[in-house]
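Notes follow the structure.
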Amino acid sequence: MSEFQAKMFNKKAANPKNKPDQILDAMGLKPGHSIADIGSGGGYFSFRFAETVGEKGEVYAVDTNQEHLDFVRRNAEERGLHNLMPISASEGSLNLPEKALDFVFMRNVTHHMSDRAKYFKELSRYLKSDGRFVVIEYEQGRLISFRRLFGHHVSKQTIVREMREAGYSLEKAFDFLPEQHFSIFERIGRCNILRD
């Protein structure tokens, strides 16, 4: 079941209506960067990130579902993506290198977290001083929708407030996704300097 689920996650992420190419372009991910894909699911974005950052970059596919991670590992090996490392984690335990990441990427996962501000603050220790959080999350949706009925959404305003509590401010926000909000956050007080 989990392999089927992983494939379905990937199929949905790859759907052109969900604009995966535009997401990658907007992020500014470059060769040599390091990124953690929190809640990586079937690994669609992890694979894309690994191709983008190249051999000198690193991608950590982080998930709590071991079957999904096994699926990601097998597919990464088949694709020759040696820079992609699956990481088994829980909300309270991550095995990532400290102060090493250029990006932490979270897509459709924050609605599963109980204390997001605390979790964002914990994740910040893995980011470089100029590292960024990328958060893509479902909007509430129609009055009668799966997202609304089962709480599979978090408002942009809530994410911005919780990121601020964790020490991050909104750097950029995009509105091209049909069902989600998409925001990039940087450390509060960080000067906008030229980036590599």
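Packing here is the average count of other Cβ atoms within 10 Å per residue, and on that basis the peptides 14-22, 99-107, highest first, run 99-107, 14-22. Would you mind checking the stretch 3-31 for residues with the amide N under 20 Å from a putative spin-label position 7 Å along Cα→C-beta of residue 52? Backbone N within reach: 9-31.
Pairs from the list 30/128; 30/172; 56/156; 118/156; 121/172; 56/99 with a Cα-Cα gap above 22 Å: 56/156.
Computed over neighbours whose Cβ is under 14 Å from that of residue 76, the net charge equals -4, Lys and Arg +1, Asp and Glu -1.
All other residues with a Cβ under 13 Å from the Cβ of residue 13 taken together, and with Lys, Arg as +1 and Asp, Glu as -1, what is their net charge? Neighbourhood net charge equals +4. Taking amide H atoms as placed 1.01 Å from N in the peptide plane, the amide H of residue 85 lies under 5 Å from those of 59, 60, 61, each 5 or more residues away in sequence or on another chain.
Here the alpha carbons of the stretch 2-187 define both size measures, Rg and Dmax, at 15.4, 46 Å.
Charged neighbours of residue 97, selected by a Cβ distance under 14 Å, balance to 0 (K, R count +1; D, E count -1).
Only aspartates and glutamates eight or more places from residue 11 in sequence, or on another chain, were considered; those with a Cα closer than 13 Å are 3. Extending 7 Å from the Cα toward the beta-carbon at both residue 78 and residue 174 defines two label points whose distance is 2.7 nm.
Quick note: the coordinates plus some simple rules give every number you see, no bench work behind them. Predicted model, so just to flag it, every value in this text is computed and none were measured. Methodologically, a virtual Cβ is constructed for each residue, glycine included, from the backbone with ideal geometry; neighbour enumeration extends over all protein chains shown.
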